[in-house]
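K.L.:
Before anything else, here's the structure in question.
The values are calculated or read from the model by the stated rules, or taken from the named source; none is laboratory data. The structure displayed is predicted, hence computed values, not measured ones. Positions of Cβ are generated from backbone atoms using ideal geometry, with glycine treated the same way; all protein chains shown enter the neighbour counts. Remember, those area values only see protein heavy atoms, side chains included, never the ligands or the DNA or RNA. Shrake-Rupley method; radii C 1.70, N 1.55, O 1.52, S 1.80 Å.
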Amino acid sequence: MGAALFGVAGGLVKGKGKGASMINRMKLKRVALLSVLVALAMVLSYLEALIPPIVAIPGVKLGLANSVTLFALYSLGVFDSCTVSLLRVLLSALLFGNAVGLAYSASGAVLSLVMMILTKRIGIFSSIGVSIVGGVSHNIGQVLCAMAIMETAGLITYLAPLLISGMIAGVAIGAICGLLVRKTERTVKAYFKN
(Lines give C-alpha, C1' and ligand atoms only; values in the text may rest on other atoms or scores of the structure.)
Protein backbone atom coordinates (compact mmCIF):
# COMPACT_ATOMS: atom_id res chain seq x y z
CA MET A 1 0.00 0.00 0.00
CA GLY A 2 2.73 2.43 0.96
CA ALA A 3 4.59 1.35 -2.15
CA ALA A 4 1.57 2.28 -4.24
CA LEU A 5 1.49 5.76 -2.75
CA PHE A 6 5.26 6.12 -3.04
CA GLY A 7 5.01 4.91 -6.64
CA VAL A 8 2.57 7.73 -7.32
CA ALA A 9 5.04 10.11 -5.73
CA GLY A 10 8.01 8.66 -7.63
CA GLY A 11 8.21 11.67 -9.91
CA LEU A 12 8.52 14.03 -6.97
CA VAL A 13 12.22 13.47 -6.39
CA LYS A 14 13.32 14.79 -9.80
CA GLY A 15 13.39 18.50 -8.91
CA LYS A 16 16.54 20.63 -9.08
CA GLY A 17 17.85 23.14 -6.61
CA LYS A 18 17.25 23.72 -2.92
CA GLY A 19 13.66 24.96 -3.35
CA ALA A 20 12.64 21.94 -5.40
CA SER A 21 14.30 19.66 -2.86
CA MET A 22 12.30 21.23 -0.01
CA ILE A 23 9.03 20.92 -1.95
CA ASN A 24 9.77 17.30 -2.82
CA ARG A 25 10.60 16.49 0.80
CA MET A 26 7.31 18.05 1.93
CA LYS A 27 5.37 16.05 -0.67
CA LEU A 28 7.10 12.83 0.31
CA LYS A 29 6.35 13.52 3.98
CA ARG A 30 2.69 14.00 3.08
CA VAL A 31 2.65 10.76 1.09
CA ALA A 32 4.30 8.93 3.98
CA LEU A 33 1.77 10.30 6.48
CA LEU A 34 -1.14 9.45 4.19
CA SER A 35 0.23 5.91 3.83
CA VAL A 36 0.27 5.52 7.60
CA LEU A 37 -3.27 6.92 7.89
CA VAL A 38 -4.60 4.59 5.18
CA ALA A 39 -2.93 1.62 6.89
CA LEU A 40 -4.37 2.68 10.26
CA ALA A 41 -7.86 3.04 8.77
CA MET A 42 -7.59 -0.41 7.21
CA VAL A 43 -6.44 -1.97 10.49
CA LEU A 44 -9.28 -0.29 12.40
CA SER A 45 -11.76 -1.47 9.77
CA TYR A 46 -10.43 -5.02 10.03
CA LEU A 47 -10.47 -4.98 13.85
CA GLU A 48 -14.02 -3.67 13.80
CA ALA A 49 -15.04 -6.61 11.62
CA LEU A 50 -13.76 -8.93 14.35
CA ILE A 51 -16.00 -7.37 17.02
CA PRO A 52 -19.20 -9.40 17.47
CA PRO A 53 -22.38 -7.48 16.56
CA ILE A 54 -23.70 -5.38 19.43
CA VAL A 55 -27.28 -5.57 18.14
CA ALA A 56 -29.01 -7.92 15.72
CA ILE A 57 -29.43 -5.28 13.03
CA PRO A 58 -27.26 -5.70 9.91
CA GLY A 59 -24.96 -2.77 9.26
CA VAL A 60 -24.73 -1.43 12.82
CA LYS A 61 -21.09 -0.79 13.68
CA LEU A 62 -18.88 1.81 15.30
CA GLY A 63 -17.21 3.20 12.20
CA LEU A 64 -13.70 3.25 13.66
CA ALA A 65 -12.06 3.79 10.27
CA ASN A 66 -14.06 7.00 9.93
CA SER A 67 -12.08 8.44 12.84
CA VAL A 68 -8.99 8.41 10.61
CA THR A 69 -10.85 10.14 7.77
CA LEU A 70 -12.20 12.75 10.17
CA PHE A 71 -8.73 13.26 11.65
CA ALA A 72 -7.32 13.79 8.13
CA LEU A 73 -10.12 16.24 7.32
CA TYR A 74 -9.36 18.38 10.37
CA SER A 75 -5.57 18.01 10.41
CA LEU A 76 -4.62 17.82 6.73
CA GLY A 77 -7.54 19.06 4.64
CA VAL A 78 -10.13 17.95 2.14
CA PHE A 79 -7.88 16.41 -0.51
CA ASP A 80 -5.95 14.31 1.99
CA SER A 81 -9.09 13.10 3.77
CA CYS A 82 -10.57 12.07 0.41
CA THR A 83 -7.34 10.25 -0.42
CA VAL A 84 -7.34 8.37 2.90
CA SER A 85 -11.00 7.42 2.69
CA LEU A 86 -11.06 6.30 -0.92
CA LEU A 87 -7.78 4.39 -0.75
CA ARG A 88 -8.98 2.61 2.39
CA VAL A 89 -12.20 1.58 0.67
CA LEU A 90 -10.44 0.37 -2.49
CA LEU A 91 -7.61 -1.45 -0.74
CA SER A 92 -9.91 -3.07 1.82
CA ALA A 93 -12.18 -4.31 -0.96
CA LEU A 94 -9.21 -5.69 -2.90
CA LEU A 95 -7.71 -7.42 0.12
CA PHE A 96 -10.73 -8.53 2.14
CA GLY A 97 -13.88 -8.06 0.09
CA ASN A 98 -15.65 -8.38 -3.22
CA ALA A 99 -17.41 -6.16 -5.76
CA VAL A 100 -20.67 -5.98 -3.80
CA GLY A 101 -18.78 -5.10 -0.62
CA LEU A 102 -16.94 -2.41 -2.55
CA ALA A 103 -20.25 -0.96 -3.77
CA TYR A 104 -21.68 -0.81 -0.24
CA SER A 105 -18.51 0.57 1.28
CA ALA A 106 -17.92 3.12 -1.48
CA SER A 107 -21.51 4.39 -1.47
CA GLY A 108 -21.38 4.96 2.28
CA ALA A 109 -17.87 6.42 2.26
CA VAL A 110 -18.46 8.84 -0.62
CA LEU A 111 -21.75 10.21 0.73
CA SER A 112 -20.27 10.43 4.23
CA LEU A 113 -17.17 12.22 2.99
CA VAL A 114 -19.09 14.75 0.90
CA MET A 115 -21.47 15.51 3.76
CA MET A 116 -18.66 15.84 6.33
CA ILE A 117 -16.74 18.21 4.06
CA LEU A 118 -19.83 20.37 3.50
CA THR A 119 -20.77 20.33 7.19
CA LYS A 120 -17.24 21.30 8.24
CA ARG A 121 -17.21 24.12 5.68
CA ILE A 122 -20.39 25.59 7.16
CA GLY A 123 -18.31 26.16 10.26
CA ILE A 124 -21.02 25.95 12.92
CA PHE A 125 -20.48 22.33 13.95
CA SER A 126 -17.74 20.80 16.08
CA SER A 127 -16.00 17.58 15.11
CA ILE A 128 -18.82 15.77 16.94
CA GLY A 129 -21.49 17.36 14.73
CA VAL A 130 -19.47 16.68 11.58
CA SER A 131 -18.94 13.08 12.69
CA ILE A 132 -22.66 12.58 13.38
CA VAL A 133 -23.47 13.84 9.88
CA GLY A 134 -20.80 11.48 8.51
CA GLY A 135 -22.13 8.45 10.40
CA VAL A 136 -25.73 9.10 9.41
CA SER A 137 -24.77 9.81 5.79
CA HIS A 138 -22.70 6.63 5.61
CA ASN A 139 -25.69 4.56 6.69
CA ILE A 140 -28.01 6.35 4.26
CA GLY A 141 -25.56 5.71 1.41
CA GLN A 142 -25.33 2.03 2.23
CA VAL A 143 -29.11 1.58 2.54
CA LEU A 144 -29.65 3.35 -0.80
CA CYS A 145 -27.00 1.12 -2.38
CA ALA A 146 -28.64 -2.02 -0.93
CA MET A 147 -32.03 -0.87 -2.21
CA ALA A 148 -30.58 -0.41 -5.70
CA ILE A 149 -28.68 -3.73 -5.74
CA MET A 150 -31.54 -5.79 -4.30
CA GLU A 151 -34.21 -3.80 -6.13
CA THR A 152 -36.43 -3.53 -3.07
CA ALA A 153 -37.67 -0.49 -1.24
CA GLY A 154 -38.44 -2.59 1.85
CA LEU A 155 -34.86 -2.12 3.06
CA ILE A 156 -35.79 1.42 4.03
CA THR A 157 -37.05 -0.07 7.32
CA TYR A 158 -33.42 -0.60 8.33
CA LEU A 159 -32.80 3.13 8.09
CA ALA A 160 -34.32 4.18 11.44
CA PRO A 161 -32.10 1.98 13.64
CA LEU A 162 -29.10 2.72 11.42
CA LEU A 163 -29.66 6.47 11.78
CA ILE A 164 -29.77 6.12 15.56
CA SER A 165 -26.62 3.99 15.60
CA GLY A 166 -24.94 6.45 13.21
CA MET A 167 -25.68 9.31 15.60
CA ILE A 168 -24.41 7.42 18.64
CA ALA A 169 -21.25 6.27 16.87
CA GLY A 170 -20.82 9.78 15.44
CA VAL A 171 -20.75 11.30 18.91
CA ALA A 172 -18.10 8.84 20.09
CA ILE A 173 -15.93 9.09 16.95
CA GLY A 174 -16.27 12.88 16.82
CA ALA A 175 -15.26 13.28 20.46
CA ILE A 176 -12.24 11.02 20.03
CA CYS A 177 -11.22 12.77 16.82
CA GLY A 178 -11.61 16.24 18.34
CA LEU A 179 -9.33 15.22 21.20
CA LEU A 180 -6.76 13.69 18.82
CA VAL A 181 -6.72 16.77 16.60
CA ARG A 182 -6.14 19.07 19.58
CA LYS A 183 -3.43 16.84 21.07
CA THR A 184 -1.55 16.35 17.78
CA GLU A 185 -1.94 19.79 16.20
CA ARG A 186 1.58 20.98 17.05
CA THR A 187 3.11 17.62 16.13
CA VAL A 188 1.46 17.60 12.69
CA LYS A 189 2.59 21.19 12.03
CA ALA A 190 6.13 20.41 13.20
CA TYR A 191 6.21 17.30 10.98
CA PHE A 192 5.65 19.41 7.88
CA LYS A 193 7.83 22.30 9.06
CA ASN A 194 11.07 20.29 9.15
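K.L.:
Computing the accessible area with a 1.4 Å probe over protein heavy atoms, can you report the carbon and sulfur percentage for segment 71-159? Please list the in-between numbers first.
P.N.:
Values: 3190 of 4370 Å².
About 73 percent, which is the carbon plus sulfur part of the accessible surface.
K.L.:
Starting from the Kirkwood Rh over alpha-carbon pairs, what translational D in µm² s⁻¹ does segment 81-194 have by Stokes-Einstein at 10 °C and 1.306 mPa s?
P.N.:
Numbers: Rh = 15.3 Å.
Taking Rh from Cα pairs, D becomes 104 µm²/s.
K.L.:
Counting only helical runs of four or more DSSP H residues, what would the 222 nm mean residue ellipticity of the chain come to if each run contributes -39,500 (n - 2.57) and the total is spread over all its residues?
P.N.:
On the way: 7 runs with 155 residues, N = 194.
Calculated mean residue ellipticity at 222 nm is -28000 deg cm²/dmol.
K.L.:
Could you check the spin-label model distance between ILE122 and THR157? Points 7 Å from the Cα along Cα→Cβ, value in nm.
P.N.:
Roughly 3.2 nm, to one decimal.
K.L.:
For LYS183 and VAL171, compute 0.36 nm times the residue count separating them, minus their Cα-Cα distance, and round to one decimal in nm. Write down the numbers at each step before the final one.
P.N.:
Working: separation 12, 0.36 × 12 = 4.32 nm, distance 1.83 nm.
Contour length minus Cα-Cα distance gives 2.5 nm.
K.L.:
Given a 10 angstrom Cα cut-off, can you work out which residue in GLY77, GLY154, GLY134 is the most mobile in a GNM of the chain?
P.N.:
Largest GNM mean-square fluctuation: GLY154.
K.L.:
Moving on to the next point. For the chain: lysine pairs with Cα atoms under 30 Å, gap of 8 or more or different chains, count?
P.N.:
Within the chain, the lysine pair count is 26.
K.L.:
Then there's this: Given Cβ point charges of +1 (Lys, Arg) and -1 (Asp, Glu) and nothing else, what value in debye, to the nearest 20, does the dipole of the chain about its Cα centre take?
P.N.:
Details: 16 positive and 4 negative charges, 261 e Å.
In debye, rounded to 20, the chain gives about 1260.
K.L.:
For ALA99, put the label point 7 Å out on the Cα→Cβ axis and report which residues of segment 136-170 keep their amide N under 11 Å from it.
P.N.:
none
K.L.:
Let me understand the chain better: what is its radius of gyration from the alpha carbons, and its Dmax, in angstrom?
P.N.:
17.8, 62
K.L.:
Rounded to the nearest whole Å², what accessible area per residue is found for the chain with the 1.4 Å probe? Spell out each step's value before the answer.
P.N.:
Numbers: 10880 Å² over 194 residues.
Spelled out: the 1.4 Å probe surface of the chain, per residue, equals 56 Å².
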